[in-house]
Amino acid sequence: MPSGKLFNCQMTSCGELGWISDIKGYRYSETHPNGKSWIPMPEMINNLAKDLASQIGESAYHPQTCLINYYQKGGKLGLHQDNSEKNLKPAIISISLGDDAIFLMGGNKRNFPTQEILLKSGDILILHGNSRLAFHGIKKIIPGTSSLLRNGGRLNLTIRQVY
Ligand code: MD6
Ligand code: FE
């Protein structure tokens with residue numbers, strides 16, 4: 001994180017861009033910090049995202065990157081707003097896999113009340129329209145609630161159109 005602290009989850013990306021974070025801040029980059037291109041976004045993820053976007057009226061959606069978060073026991077993600085995208089209009093589409101998580105859904109200001117939402121493996125959550133810039137986070141992971149992932153934990157895929 002820009003503060004120098006580490007995230008309480010592991011992150012990488014696939015697609016033409018990837019989301020990175022360091023002392024200089026949060027941004028999208030065409031390359032991994034190791035200098036290599038990100039691996040391509042799997043066609044199945046790309047097609048699923050376009051199909052979901054069209055169901056919420058975003059028929060021109062271009063999935064440019066998928067941020068991959070992996071949480072193990074004790075993993076969490078503080079309340080944040082997804083605002084590193086150059087174009088803040090397109091939806092962000094999230095797919096949860098593996099262990100259950102308690103997602104916190106807030107409002108458009110950090111101090112607005114939050115609501116807990118249980119996200120289970122296979123759940124899709126979309127931030128769009130008025131909720132696109134809502135504050136949200138992961139309060140906790142509930143270990144041992146899914147046998148999908150061989151080594152346990154929770155994977156979250158968030159598909160984004162950046163430009
Ligand atoms: C997670 N998700 O579910 C974290 N961001 O692990 C997010 O931060 C998120 O689910 C934007 C849109 C949907 C999300
Ligand atoms: Fe987010």
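Computed over protein heavy atoms with a 1.4 Å probe, the accessible surface of the chain works out to 56 Å² per residue.
In whole Å, what is the distance between the alpha-carbon centres of the stretch 107-163 and the stretch 25-42? Taking the Cα centre of each part, the stretch 107-163 and the stretch 25-42 sit 22 Å apart.
Compute the Cα gyration tensor for the stretch 44-115, then decide on rounded, prolate or oblate, letting a ≥ b ≥ c be the square roots of its eigenvalues: rounded whenever a/c is under 1.5, prolate when a/b is larger than b/c in the other cases, and oblate in all that remain.
Oblate shape, in that a/c is at least 1.5 and b/c is the bigger or equal ratio.
Projecting the Cα positions of Thr65, Gly122, Ser96 onto the charge dipole of the stretch 63-163 (unit charges on Cβ atoms of Lys, Arg, Asp and Glu, taken about the Cα centre) puts Thr65 furthest along the positive direction. Counting heavy atoms of the protein chains alone, His128 has an accessible area of about 70 Å² for a 1.4 Å probe. Its Cα gyration tensor gives the chain an equivalent ellipsoid. The semi-axes, each the square root of 5 times an eigenvalue, are 21, 19, 18 Å from largest down. Note on the stretch 11-64: the C-alpha convex hull projects to 4.4 nm² when averaged across all orientations.
Counting 0.36 nm for each residue step from Leu6 to Arg150 and taking away their Cα separation leaves a gain of 49.3 nm. Exposure check, 1.4 Å probe, all protein chains in place: Arg160 carries approximately 10 Å² of accessible surface.
Measuring only protein heavy atoms, the 1.4 Å probe finds Thr31 accessible over about 50 Å². Under the combined filter of DSSP loop state and at most 15 neighbouring Cβ atoms within 10 Å, the stretch 1-85 retains these GluC sites (Glu not before Pro): Glu30. Bridging of Lys139 to aspartates and glutamates at a Cα separation below 18 Å is possible for Asp82, Asp99, Asp100, Glu116, Asp123, once same-chain residues fewer than 8 apart are set aside.
Is the stretch 88-127 rounded, prolate or oblate when judged by the Cα gyration tensor, a ≥ b ≥ c being the square roots of its eigenvalues, rounded requiring a/c under 1.5 and prolate requiring a/b larger than b/c? Taking the square roots of the gyration eigenvalues as a ≥ b ≥ c, the stretch 88-127 is oblate. For the chain, the relative contact order works out to 27 percent when only alpha carbon pairs closer than 8 Å and six or more residues apart are counted.
Of the heavy-atom accessible surface of the chain (probe 1.4 angstrom), what whole percent is carbon and sulfur?
Whole-percent figure for carbon plus sulfur exposure: 54.
Summing Cβ point charges (Lys, Arg +1; Asp, Glu -1) relative to the Cα centre of the chain gives a dipole of roughly 520 debye. From the Cα gyration tensor of the stretch 108-163, with a ≥ b ≥ c the square roots of its eigenvalues, which class applies: rounded if a/c is under 1.5, or else prolate if a/b is larger than b/c, or else oblate? Verdict is oblate for the stretch 108-163.
The values are calculated or read from the model by the stated rules, or taken from the named source; none is laboratory data. All figures in this text were calculated on a predicted structure; none of them were measured in a lab. Reconstructed Cβ throughout: ideal geometry from the backbone, glycine too, with neighbour counts over all protein chains shown. Areas reflect the complete protein model, heavy atoms only, side chains present, ligands, DNA and RNA absent. Shrake-Rupley method; radii C 1.70, N 1.55, O 1.52, S 1.80 Å.
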